[in-house]
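The values are calculated or read from the model by the stated rules, or taken from the named source; none is laboratory data. Note that the coordinates shown come from a computational prediction; the quantities given were computed from them, not determined experimentally. Positions of Cβ are generated from backbone atoms using ideal geometry, with glycine treated the same way; all protein chains shown enter the neighbour counts.
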């Protein structure tokens, strides 16, 4: 599937996304411990076991939460404080598309982002219809979102993100509940995009061809480097844990 026209415009910011000793805590628990990294590559993966802090890190990058210590900067601005700039620079696809769809029809959902950017309702709806036509989905315009399959709702969210032309798209386990053909189509569409992709997953196979991978363990970066090397170490460690009684650590 070729990259849609609206995805071709962004120029990736040279400074990328910078974390400087960024941490996040809630009462009685530290979730992320002082993470420092500069994310400039075009394809970046984040792996780790459940509870390692992956989703919290993605929410920090998106500005959906602010660090309780340290700093997060996207092209120089604070995404938690400057939400207008964050929405323009960063798109996000959640594991469950229903967590980001808010309107009853497809056209209304697609028109929301452009309206937030200052376009008139008529212009936003026209852009939504043009986007659907480019994707071969004009017949979706007046459809109820409730009639779409899980995979179709994911694709609707992707179209909504691309209409805003972000330089970076954050992906939080977006393929978990999809059947294999739908998953393959969405992966193919994402891989064709020029945007920087930062993908959270527990499945190393989804990061084939990526430039860089960060491996989180207990809220800290255990390893950070070229994707092949980090993924090989991660897979080996998961296999080692699998040979043991992997749940015993829950009692500690």
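Here's the yes/no breakdown for (1) touching a helix residue (DSSP H, G or I) at 6+ places or on another chain (Cβ under 9 Å); (2) in a strand (DSSP E or B):
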site	(1), (2)
33	no, yes
37	no, yes
46	yes, yes
50	no, no
55	no, no
60	no, no
65	yes, no
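Considering segment 72-107, the residues that are touching a helix residue (DSSP H, G or I) at 6+ places or on another chain (Cβ under 8 Å) and in a helix (DSSP H, G or I) include one that is farthest from residue 162 (Cα to Cα), namely 98. Out of 89, 111, one residue alone is under 22 Å from the mean Cα position of the chain (by Cα), within 26 Å of residue 59 (Cα to Cα) and free of Cβ contacts under 8 Å to residues at least 24 places away in the same chain. It is 111. Cβ-Cβ contacts under 6 Å between residues 6 or more apart (or on different chains), taken from a first residue in segment 139-167 that is within 13 Å of residue 96 (Cα to Cα) to a second residue that is not in a helix (DSSP H, G or I), are listed as 150/177; 151/178; 157/93; 157/100.
Report the residue count in segment 134-165 for those that are under 25 Å from the mean Cα position of the chain (by Cα) and within 22 Å of residue 192 (Cα to Cα). Residues in segment 134-165 being under 25 Å from the mean Cα position of the chain (by Cα) and within 22 Å of residue 192 (Cα to Cα): 20 in total. Of the listed requirements (1) modelled with pLDDT of 90 or more; (2) surrounded by 15 or more Cβ atoms within 10 Å (Cβ to Cβ); (3) closer than 30 Å to residue 114 by Cα, residue 219 misses just one: (3).
Report yes if residue 142 is touching a helix residue (DSSP H, G or I) at 6+ places or on another chain (Cβ under 8 Å), loosely packed, with under 15 Cβ neighbours inside 10 Å and either on the phi < 0 side of the Ramachandran plot or at pLDDT 95 or above (or both), otherwise no. The answer is yes for residue 142.
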